[in-house]
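The values are calculated or read from the model by the stated rules, or taken from the named source; none is laboratory data. Keep in mind the model is a prediction, meaning the values are calculated, not measured. Please note: Cβ atoms are built from the backbone with ideal geometry, for glycine as well, and neighbour counts cover all protein chains shown. Just the protein is used for accessible areas: all its heavy atoms, side chains included, with ligands, DNA and RNA removed. Shrake-Rupley method; radii C 1.70, N 1.55, O 1.52, S 1.80 Å.
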Amino acid sequence: MQSAPPQPAQLSELAGTLRRRWRVLALGAVVGLLLGVLAWVLLPVTYTATTSVRVVPVDVSASSGSGPTLDVATDAQLVTSGDVLTAAADDLDTSAGALRSGVSVTNPPDTAVLDIAYTASTPRAAAAGSRAVAEAFLTVRGEAAAKTVQDLQEATWDRIDMLEDSADRYPEDSPARESILTEAKTLGTRAAELATVDTAPGRVLGAPATPSAPSSLGVLPLGVAGLALGLLVAVPVALTRRDRAPDPGVIAGPQDLGSGQGSVVLDGTADASPQETWDVAALMLDVPATAPTDGPVTLLVDGSVGTESGAGLAEALRRRGLPVRHVDASALLESKIARGWPTDRKKATWAGELVVVDSSALASDALVATLGTRVDHVVLARSVDDDAVAARRVRGLLTVQGVDVALTVLLPRR
């Protein structure tokens, strides 16, 4: 057909493009798969063990007047602190830096539990590392709690000493002295209570299980991931990759057939059968339902050799219930055609018929152009195997003779 404004790409068109460029997709899939397998070979195999720790608050309400508090988020950050990692590294005879890269901490929602995971190259090292970090965390947290209580006790006794010194400046029976001593006595009670505060930071909820399977990705997931990545890259490449510029002498599509005034191109390369293409062509041609009784309606069909274009159009017209005569022009002498065949006398014998003159087997393009001046409609049929330059030459000769091509049919590869 004549050139139309660009339309949005349809899914069927995209699928067709991907089918045509399946080699790009296959290459992307193979490269991605190989990269996934290579990653499996090069990446180290690792194991992960997890130790769960229940964290409890330190109750210093006796001195502060407030209830015990627990900040699990802060405790989770403490797990990866330098003090904890250094203590664990000493226990494992390694460095804090080496431990840091393998430690991770999670806090299940709405719990006071920390899951301390450690990743190492062997199952036993993973379990030992997880346990060591958990115990180091509890030790550091317990020491920090004990120091907090000790600091509170020392601050309380300092306050008591200050109050007693202040009371000594007042007479024995002074109300002010009694008030100060009463406050000092209360602080003494609180200091005694601080001595009984439990500074235990929590406990380990069972020993970590030695992992029986690696936590690193295996060859199957890495291979699938590589395959998916390869296709993800290959699909846009296939859709945007420019086709190789076609040979100017090769018919790649309707645009290579040229154009003429009043003509359209029927692209039948995707049709299931030639019969379907010619049925559409018969509908597109402006031919009457019945030929006039005083003469025929003549159609010249010039097609590719071997495509039986004239016979195909004639059969399609017959399927529409029209009286059709098929004439093979190659059976005539070229001199007869040059002298004026079909003559008016000959046309009179075809009255009331649709006459399909098939010039497909004629060797001379000039004779085809000459026949075109003596018929009512001209149909050109070309296969994608044909020479585009030759197809345009035939159209050019017809144009010079003042003949408009009614329809050009593009057929699939023979």
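Only one residue in Arg382, Arg395 is surrounded by 15 or more Cβ atoms within 10 Å (Cβ to Cβ), in contact (Cβ under 8 Å) with a residue 60 or more places away in the chain and part of a strand (DSSP E or B), so which one is that? Selected residue: Arg382, the only one of Arg382, Arg395 that is surrounded by 15 or more Cβ atoms within 10 Å (Cβ to Cβ), in contact (Cβ under 8 Å) with a residue 60 or more places away in the chain and part of a strand (DSSP E or B).
Name the helices (runs of 4 or more DSSP H) wholly inside region 1-93 in which the number of residues that are out of contact with any Leu (no Cβ under 8 Å at 6 or more places or on another chain) and either at pLDDT below 80 or farther than 30 Å from Val264 by Cβ (or both) is 3 or more.
On the way: elements: 11-20, 22-42, 61-64, 72-79, 82-92.
So the answer is 11-20, 22-42, 72-79, 82-92.
Please specify each residue of region 35-49 satisfying the condition of being within 19 Å of the chain's Cα centre (by Cα) and open to solvent by 50 Å² or more (accessible area, probe 1.4 Å). Residue satisfying the conditions is Leu35 alone. Hydrophobic (A, V, I, L, M, F, W, C), open to solvent by 10 Å² or more (accessible area, probe 1.4 Å), at pLDDT 90 or above and under 20 Å from Trp278 (Cβ atoms) - does that describe any residue in region 372-379? Yes, because at least one residue in region 372-379 is hydrophobic (A, V, I, L, M, F, W, C), open to solvent by 10 Å² or more (accessible area, probe 1.4 Å), at pLDDT 90 or above and under 20 Å from Trp278 (Cβ atoms). Annotation: of all residues in region 284-307 being aliphatic (A, V, I, L, M) and at pLDDT below 85, the one that is farthest from Ala348 (Cα to Cα) is Val305. Considering Arg392, Arg339, the condition of being under 22 Å from Ala252 (Cα atoms) and either at pLDDT 90 or above or not aromatic (Phe, Trp, Tyr) (or both) is satisfied by Arg392 alone. The residues of region 155-201 that are surrounded by 17 or more Cβ atoms within 10 Å (Cβ to Cβ), out of contact with any Leu (no Cβ under 6 Å at 6 or more places or on another chain) and not in a helix (DSSP H, G or I), listed by number, are Val197, Thr199.
Here is a yes/no grid of residues against (1) assigned to a helix (DSSP H, G or I); (2) surrounded by 22 or more Cβ atoms within 10 Å (Cβ to Cβ):
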| residue | (1), (2) |
| --- | --- |
| Gly310 | yes, yes |
| Arg318 | yes, no |
| Lys336 | yes, no |
| Val357 | no, yes |
| Ala366 | yes, no |
| Asp404 | no, no |
| Thr408 | no, yes |
| Arg413 | no, no |
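Note on region 82-99: residues that are open to solvent by 50 Å² or more (accessible area, probe 1.4 Å), closer than 13 Å to Ala134 by Cα and not acidic (Asp, Glu) total 2.
Taking Val140 as the residue in question, decide whether it is open to solvent by less than 70 Å² (accessible area, probe 1.4 Å) and outside any helix (DSSP H, G or I). No: the conditions fail for Val140.
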